[in-house]
Amino acid sequence: MTTRRRFLTAGGLALAGLAAPHVLRSAPRVVEIHMRASERGEHVWFDPIGIAVERGATVRWIVDQDVHTATAYHPANDGHSLRIPEGASPWDSKFLVQKGAHFEVTLTVDGVYDYYCMPHEEAGMVGRIVVGKPGGPGALPFDYFKGRAGSGDWKPVPLAAQRAFPSVAAIVKQRVVRRPAGQTSSSHSNHTG
């Protein structure tokens, strides 16, 4: 025999079941990386410089000081060497000039993503993201592409940038890697902003 209570309970559970997928689904995770500079602009950096995220995470770069870009190491970006997973889409924020300006990308392919700030790459303003399982060109030595067909025109990662990257192992272990206290990127003479 169905009572009003049983009917309401069953109906309520059925309706709750319809709503549950919306409740159980979590919003995509957004991870923020700040684009920083010292007061006079002689030192520039991404904060954090290394992060580990799950596939599908959205990364948002936000300008705190100075003029910056968040640009993937990819031949489509001014002929730079490929340092993001093959099959991943390259990105370039273009110049972000105002404090609070931001740019974001959702990363859907596992691997290591290396990126740089266009005006400050030579000063070592670079960052690294590990999505899911590390791998791909960003996990290889910086000169891995030398002698490979089709890579003859690729620009190598500048030495100051190479020195600035945190290791993939440190990112996987710590999940968030910040620039060590007291460490600054190289001074640069072509400061913009």
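Assorted remarks:
- Low-density loop positions, trypsin sites (Lys or Arg not before Pro), region 38-126 - DSSP coil, at most 13 other Cβ in 10 Å: 40, 55, 94, 99
- Shape call, region 24-104: gyration tensor on alpha carbons, a/c limit 1.5: oblate
- Counting every alpha-carbon pair across region 28-177, the share separated by more than 27 Å comes to 14%.
- Exposure proxy shown here: for 110, 66, the number of other Cβ atoms within 10 Å sets the order, fewest to most, as 110, 66.
- Spin-label model, residue 173/residue 29: points 7 Å from Cα along the beta carbon direction are separated by 2.0 nm.
- A Förster radius of 25 Å combined with the Cβ-Cβ distance from residue 65 to residue 89 puts the calculated FRET efficiency at roughly 0.30.
- With a simple spin-label model that places each label point 7 Å from the Cα along the Cα-to-Cβ direction, the separation between residue 101 and residue 155 comes to 1.9 nm.
- Normalised by the number of residues in region 28-177, the mean separation of alpha-carbon contacts (under 8 Å, six or more apart) gives a relative contact order of 27 percent.
- GluC sites (Glu not before Pro) within region 30-93, DSSP loop, no more than 15 other Cβ atoms inside 10 Å: 39, 42, 54, 86
- Built amide H within the under 5 Å cut-off of residue 80, gap 5+: 74, 155
FYI, it's all coordinate maths here, none of it is from the lab. Because the structure is predicted, anything quoted here is derived from the model rather than measured. With ideal geometry, Cβ positions are generated from the backbone for all residues, glycine too; neighbour counts draw on all protein chains shown.
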